[in-house]
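Only one structure is covered here, and it is reproduced in the block below.
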Amino acid sequence: MGANVANWTDGRPGDVPSGLRRIATLTVHTSPLDQPGTGDAGGLNVYVVEVAKRLAAAGVEVEMFTRATASDLPPVVELAPGVLVRHLVAGPFEGLAKEELPAQLCALTTGVLRAEAARPPGYYDLIHSHYWLSGQVGWLAKDRWGVPLVHTAHTLAKVKNDQLADGDRPEPKARIIGEEQVVAEADHLVANTTVEAGDLITRYGADPSRVSVVEPGVDLQTFRPSSAGCERTVRRRSRRQLGLPEHGQVVAFVGRIQPLKAPDVLLRAAADLAARDPELAGQLTVVIVGGPSGSGMDRPAALMELAAALGLADSIRFLPPLPPETLADLYRAADLVAVPSYSESFGLVALEAQACGTPVVAAAVGGLVTAVRDGHSGLLVPGHEPAQWSAAFAGLLRAPTRLAELARGAVDHARDFSWDRTAAGLLAVYGGAMAQRQAQRQADQPVGAVAW
């Protein structure tokens, strides 16, 4: 029996389940207010913010719980109308790595429970936890409050450990155990793709009837292509604004700089291209957008050192994480966007780039096989060998007609995804979880008892 596969295509928020007034969203290890692209902030942050805004617009209040990372943060911040971010004090405000947060689970859980205890009974109708650390907190809160727990893993330790980059650290056994516990205790699990759903079922023993696939989306208002006939003008203007060469070709990487995301594969592919096709390589600029994260924090300048060692210093540009509007300009400035990750639960960067009309060359792993339609919106590379990647780049950069076809396909493919569609899928999952919880309450009711 397979997972439930969502297929909401009308792009409108779904019906709000009866009795769903307020959701507690748990994202304790990374703040919705953080800039994606550095530290622990990435696609998960984008996901929870975009979904929360749309749930609030549909009439469901969202209160998001995260760990405070500075002493001057206010206890509560309004992120958008109907969306609050609550800061939990747990451990030192700064200098605490994600890997050290399990020691703060008691403090984080206490903060969540105290917030509810200060409210009237039944204040939260449902909990949605994101990442395994939040799932651990949600597991206790759902029993205390008597409400359903919906959980989204976003990444899975067993999958990551099977696809480690050279020299990267495996996820610890404690995380694997923690994930197994959350999978067993959550009322419902939301997977980003059918691949992730399969991993939950086969690797973690999840009940298929409690797993639903709800694909992430993209902000199609911010990430959009240039107007027809204006592509070259927009590209040159965007490159000028970003300090990139107006002429020649640009391949971009956007994401946290860590071994898992494999930006080094892009640099090594550029070096391979220089050896095989010096003329094309001489016209190429590689742009790396993001900040060090995870095990990449051990040597934050390692990628710059690699570029110098490969003789690429003059053709590589490093940019800090960019806000959405500027990031959209970067996508439109590029001829290709590379996503060479060893593991991705989905790959929002790939979707954002395609929505801007830029084809993507991505590793054929995890959710990227869904985010990129091979041969239509980009290319999927079956490995991480630099020669494979340089051949893919050369094949497209020397074929402008084919590149233009993929650009059109990229826009077409991205249209199938929106955050409204994601929110509609989640509302359906929430309704099912609440109905199941209510049915269980009735089944547990003693014969002859009156249900209040």
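Numbers for the structure displayed
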read-out: Residues being outside any strand (DSSP E or B), touching a residue at least 60 places away in the same chain (Cβ under 8 Å) and either on the phi > 0 side of the Ramachandran plot or within 20 Å of the chain's Cα centre (by Cα) (or both) - total across the stretch 147-161; value: 6
read-out: Test: residue in the stretch 173-196 that is farther than 30 Å from Leu113 by Cα and not hydroxyl-bearing (Ser, Thr, Tyr); value: yes
read-out: Unique match (being over 24 Å from Asp374 (Cα atoms) and over 18 Å from the mean Cα position of the chain (by Cα)) among Asp264, Asp272, Asp314, Asp335; value: Asp314
read-out: Enumeration of residues in the stretch 196-235 that are at pLDDT below 95 and assigned to a helix (DSSP H, G or I); value: Glu231, Arg232, Thr233, Val234, Arg235
read-out: Residues satisfying the stated conditions in the stretch 229-268, i.e. among the hydroxyl-bearing types (Ser, Thr, Tyr), in contact (Cβ under 8 Å) with a residue 24 or more places away in the chain and surrounded by fewer than 19 Cβ atoms within 10 Å (Cβ to Cβ); value: none
read-out: Qualifying strands (runs of 3 or more DSSP E) (wholly inside the stretch 42-140; at least 3 residues being of a type in the set (A, V, I, L, M)); value: 76-80, 83-88
read-out: Number of the condition not met by Glu116 [criteria: (1) under 22 Å from the mean Cα position of the chain (by Cα); (2) buried (at least 17 other Cβ atoms within 10 Å of the Cβ)]; value: (1)
read-out: Set Ala410, Ala414, Ala391: member being under 30 Å from Val150 (Cα atoms), among the hydrophobic types (A, V, I, L, M, F, W, C) and surrounded by 14 or more Cβ atoms within 10 Å (Cβ to Cβ); value: Ala414
read-out: The lone exception for Gly95 - which of (1) touching a residue at least 40 places away in the same chain (Cβ under 8 Å); (2) under 17 Å from Asp34 (Cα atoms) it fails; value: (1)
read-out: Positions within the stretch 308-349 being without any contact (Cβ under 8 Å) to a residue 12 or more places away in the chain and hydrophobic (A, V, I, L, M, F, W, C), in sequence order; value: Ala308, Ala309, Ala313
read-out: Qualifying residue in the stretch 204-224 (condition: closer than 15 Å to Tyr331 by Cβ, out of contact with any Cys (no Cβ under 7 Å at 6 or more places or on another chain) and among the polar types (S, T, N, Q)); value: yes
read-out: Qualifying residue in the stretch 437-446 (condition: at pLDDT 95 or above and of a type in the set (Gly, Ala, Ser)); value: no
read-out: Of all residues making up the stretch 170-187, the number that are buried (at least 17 other Cβ atoms within 10 Å of the Cβ) and either without any contact (Cβ under 8 Å) to a residue 12 or more places away in the chain or in contact with a strand residue (DSSP E or B) (Cβ under 7 Å, 6 or more places away or on another chain) (or both); value: 4
read-out: Complete set of residues in the stretch 71-91 that are more than 22 Å from the chain's Cα centre (by Cα), over 16 Å from Val137 (Cβ atoms) and surrounded by 11 or more Cβ atoms within 10 Å (Cβ to Cβ); value: Leu73, Pro75, Val76, Val77, Gly82
read-out: Condition broken by Trp139, with the remaining ones in (1) of a type in the set (Phe, Trp, Tyr); (2) over 20 Å from the mean Cα position of the chain (by Cα); (3) under 25 Å from Pro340 (Cβ atoms) satisfied; value: (3)
read-out: Top-ranked residue of the stretch 304-325 - restricted to ones that are closer than 16 Å to Gly291 by Cα and either of a type outside the set (A, V, I, L, M) or out of contact with any strand residue (DSSP E or B) (no Cβ under 9 Å at 6 or more places or on another chain) (or both), ranked as surrounded by the most Cβ atoms within 10 Å (Cβ to Cβ); value: Pro321
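Yes/no matrix, rows are residues, columns are (1) buried (at least 23 other Cβ atoms within 10 Å of the Cβ); (2) more than 24 Å from Asp416 (Cβ to Cβ); (3) among the hydrophobic types (A, V, I, L, M, F, W, C):
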| residue | (1), (2), (3) |
| --- | --- |
| Leu189 | yes, no, yes |
| Asn192 | yes, no, no |
| Asp199 | no, no, no |
| Asp207 | no, yes, no |
| Glu215 | yes, no, no |
| Ser227 | no, no, no |
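Yes or no, residue by residue, for (1) in contact with a helix residue (DSSP H, G or I) (Cβ under 8 Å, 6 or more places away or on another chain); (2) modelled with pLDDT of 85 or more:
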site	(1), (2)
Val289	yes, yes
Gly296	yes, no
Ala302	yes, yes
Ala308	no, yes
Ser315	yes, yes
Pro324	no, yes
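The values are calculated or read from the model by the stated rules, or taken from the named source; none is laboratory data. If you're wondering where the values come from, they're calculated on a predicted model, not measured in any experiment. Note that each Cβ is placed from the backbone with ideal geometry, even for glycine, and that neighbours are counted across all protein chains shown.
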